[in-house]
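The values are calculated or read from the model by the stated rules, or taken from the named source; none is laboratory data. Since this is a predicted model, take the numbers as computed values, not measurements. In this analysis, Cβ positions are derived from the backbone assuming ideal geometry, glycine residues included, and neighbour counts consider all displayed protein chains. When the accessible area is computed, the model is the full protein with side chains, heavy atoms only, and any ligands, DNA or RNA have been set aside. Shrake-Rupley method; radii C 1.70, N 1.55, O 1.52, S 1.80 Å.
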Amino acid sequence: LFGIGAVLQERDDYTTIRELVPGGPAQLSGKLAVGDRITGVGQGKDGAIKEVVGTRLDEVVQMIRGKKGSVVRLDILPADAGADGTHRVISLVRDKISLDKQAARKTVLSVKAGDATRKIGIITLPVFNE
């Protein structure tokens, strides 16, 4: 899977960032936040940005996905901005999205309790969906 590493959802005709995939281009860039709205998508460093407000989510996802190393530009309306707020355009380089960084990890610790040694398991969940 090649893209920007963002889980998207449709909300009030906007394609909205629901979560950022740990280690993905969107999260590593620091340019996107949960709740930001994508209002336009452009291909390459200077391709025209097509407005996507009201566009089906699966169509927007197809526009954002692409070849590894290619550039996608997003017109973003920040989460805390109103509908008439200031937009910003960001560029991201698509990369392979590794779902391994979202996988649960286990650790087993040996803990001494009095004369006995007990094993305790710890499960780390980097992503947890409510």
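Within region 64-91, work out how many residues are more than 17 Å from residue 18 (Cβ to Cβ) and touching a strand residue (DSSP E or B) at 6+ places or on another chain (Cβ under 9 Å).
Within region 64-91, residues that are more than 17 Å from residue 18 (Cβ to Cβ) and touching a strand residue (DSSP E or B) at 6+ places or on another chain (Cβ under 9 Å) number 18.
Can you tell me which residues in region 6-46 are within 19 Å of residue 125 (Cα to Cα) and in contact with a Pro (Cβ under 7 Å, 6 or more places away or on another chain)?
Scanning region 6-46 gives a single hit, 22.
Need a quick list: strands (runs of 3 or more DSSP E) entirely within region 1-97 having at least 2 residues that are touching a residue at least 60 places away in the same chain (Cβ under 8 Å) and open to solvent by less than 90 Å² (accessible area, probe 1.4 Å).
In region 1-97, 14-20, 71-77, 88-93 are the strands (runs of 3 or more DSSP E) which contain 2 or more residues that are touching a residue at least 60 places away in the same chain (Cβ under 8 Å) and open to solvent by less than 90 Å² (accessible area, probe 1.4 Å).
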